[in-house]
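Remarks on the structure that follows.
No lab work stands behind these numbers, since they all come straight from the coordinates. Source: prediction; values computed, not measured. Cβ: placed from backbone, ideal geometry, glycine included. Neighbour counts: every protein chain shown.
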Amino acid sequence: MPRPISATVSLPSLRHNLAIVRHKLNSISSQNNRKSPFVWAVIKANAYGHGIANAVKAFSNADGLAMLDIDEAILSRQAGWQGPILLLEGFFQPEDIQQFEQHRLHATVHCFEQLEMLERVTLSRPLDIFIKLNTGMNRLGFSADQFPRAWSQATRLAERGVVGKLGKMTHFARADEISSLTQTQISSFIQLTGHLPGPSSICNSAATLTPECWLSLPDEQEQWVRPGICLYGSSPFALHKAAQLDLRPAMTLRSQVISVRRIDAGEGVGYGHRFIADQPLTVGVVACGYADGYPRHAPTGTPVAVKGVMTRLLGRVSMDMLAVDLTPVPGPAVGDSVVLWGEGGPSVDDVAEAAGTIGYELLCAVAPRVQKLVIDC
Ligand SMILES: *Cc1c(COP(=O)(O)O)cnc(C)c1O
């Protein structure tokens with residue numbers, strides 16, 4: 001028997017979350033008499049830990065898939081995805097461009113070095129690209145000064161038949177919180193690209209779920225949003241829970257209690273005795289540790305569900321085990337079911353918050369040794 005820990009990925013929940021996003025886009029667009037944006041479902045990092053093949057199956061209704069690893073793009077093609085694929089960091093070296101051609105991948109182009117690679121390549125079919133503008137994130141993209149020159153160079157490449165469809169994109173730094181920066185970023189994007197033909201793409205999950213962001217772009221432009229985290233049932237906002245957004249957890253991390261003991265007041269639990277009981281307690285040991293991807297920095301009090309009862313983590317997380325308070329659980333026993341996060345337990349966002357991180361990191365970090373199960377019905 002393998003260890004009793006598993007991560008279950010629910011394809012119906014993935015589908016539901018995409019449908020929720022789509023529904024919001026459609027209903028707000030029709031209220032505003034405009035076309036609904038197209039959706040790139042972002043499936044980078046092994047679909048935020050959910051598996052590329054699972055994501056391809058569940059997101060068959062998306063207009064495109066976006067990621068940044070060519071191998072994941074090829075896996076998506078092998079899984080049967082025929083639609084557009086956008087590589088969010090583009091190509092890294094000239095040899096990559098052949099693969100873009102072979103697998104019909106769209107490239108983000110964010111620096112002059114990439115344009116130079118395109119100058120030197122011969123292709124039998126033009127490559128569709130999005131030129132990325134840096135509007136304040138200061139990660140990837142041409143500065144406002146550089147953008148017009150990059151756009152002209154790309155236009156010349158299009159005239160030569162190297163570039164096909166030419167679009168433009170940017171990325172927000174603070175769309176997940178209330179910040180005037182987002183409006184500033186939108187304004188600079190419109191100022192530099194509003195008059196240019198071709199599709200635009202600006203919105204991550206937080207901005208996709210904040211209609212003002214995509215409603216700001218001119219309606220006559222074809223628009224593509226790029227939601228990621230919300231499709232997996234985790235909230236992009238610190239202030240709104242996923243459930244309030246009608247999102248469902250797509251991954252449930254489960255395990256079991258493998259040991260039960262009573263301890264007296266004054267006794268400590270685990271490495272460093274970071275938890276000392278102030279009254280007699282029943283302590284359960286769960287087969288889940290940081291080598292499974294559970295965050296080691298999760299402190300005492302981090303929520304966890306045992307047999308459907310919400311309780312708390314006790315002391316330090318070990319490599320393969322962690323301790324929980326079974327005192328509120330009726331008739332605790334070895335074999336009791338534990339939900340670390342997901343359906344029937346705390347949300348991944350609540351666990352992440354307790355551990356001082358974000359749901360993204362926990363979902364991506366589930367270790368290869370954790371058995372993956374898939375629900376598809
Ligand atoms: C990851 C990523 C997204 C998706 O972000 P979420 O916050 O997960 O919605 C969109 N665009 C780019 C460029 C990204 O790197």
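Computed quantities for the displayed model
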| item | result |
| --- | --- |
| Placed amide H near A66: partners under 5 Å, 5+ positions off or other chain | A41, V42, I43, L86 |
| Cβ crowding within 10 Å averaged over residues, with 42-54, 183-195 ranked highest first | 42-54, 183-195 |
| Exposure proxy order (Cβ contacts within 10 Å, fewest to most) of T122, T8, T252 | T122, T8, T252 |
| Long-range HN-HN contacts of G164 with modeled amide H, under 5 Å | L127, D128, I129 |
| Radius 13 Å from Cβ of N138, net charge of other residues (Lys, Arg +1; Asp, Glu -1) | +3 |
| Calculated [θ] (222 nm, deg cm²/dmol) that DSSP helices of n ≥ 4 give over the chain, each run adding -39,500 (n - 2.57) | -8000 deg cm²/dmol |
| Ranked packing of 73-80, 273-280, 58-65, most packed first, by mean Cβ within 10 Å | 58-65, 73-80, 273-280 |
| Debye-sum result for the chain in log10 I(q)/I(0), which assumes one identical scatterer on each alpha carbon, at q = 0.12 Å⁻¹ | -0.91 |
| Cα Rg, Dmax, region 240-377, angstrom units | 14.6, 49 |
| Ordering of 140-147, 233-240 by packing [mean C-beta count within 10 Å, highest first] | 233-240, 140-147 |
| Charge-dipole axis of the chain as Lys and Arg at +1 and Asp and Glu at -1 on Cβ define it, positive-most pick from A238, V348, G266 | V348 |
| Amide H contacts of T108 (H built 1.01 Å from N, under 5 Å, at least 5 apart or other chain) | L87, E89, G90, F130 |
| Where only C-alpha atoms are counted, convex hull volume of region 136-259 per residue in Å³ | 162 |
| Region 1-111 - percent relative contact order, Cα under 8 Å, separation 6 or more | 20 |
| Cβ-based exposure ranking for D246, D219, in which fewest neighbours within 10 Å come first | D219, D246 |
| Selected from G289, P249, V329, residue furthest toward positive end of dipole (region 225-377; charges at beta carbon) | G289 |
| Rounded Å value of the spacing that divides the Cα centres of region 94-117 and region 151-186 | 16 |
| 13 Å beta-carbon shell around D320, net charge (K/R +1, D/E -1) | +3 |
| Entries of K35/K168; K24/K241; K132/K165; K44/K241; K44/K372; K44/K132 with Cα pairs more than 20 Å apart | K44/K241 |
| Average Cα contact separation per residue, region 244-377, under 8 Å, 6 or more apart, as relative contact order % | 28 |
| Cα-centre dipole for the chain with unit charges at Cβ (Lys and Arg positive, Asp and Glu negative), debye to 20 | 440 |
| Phi to ³J(HN,Hα) by Karplus 6.51 cos²θ - 1.76 cosθ + 1.60 over region 255-269, Hz, x for Gly, Pro | 7, 9, 6, 10, 7, 10, 8, 8, 10, 8, 4, x, 7, x, 10 |
| Summed side-chain charge close to K44 - residues other than K44 whose Cβ falls under 11 Å, Lys, Arg +1, Asp, Glu -1 | -2 |
| Size of electric dipole in region 1-77: Cβ of Lys, Arg +1 and of Asp, Glu -1, about Cα centre, debye, nearest 20 | 300 |
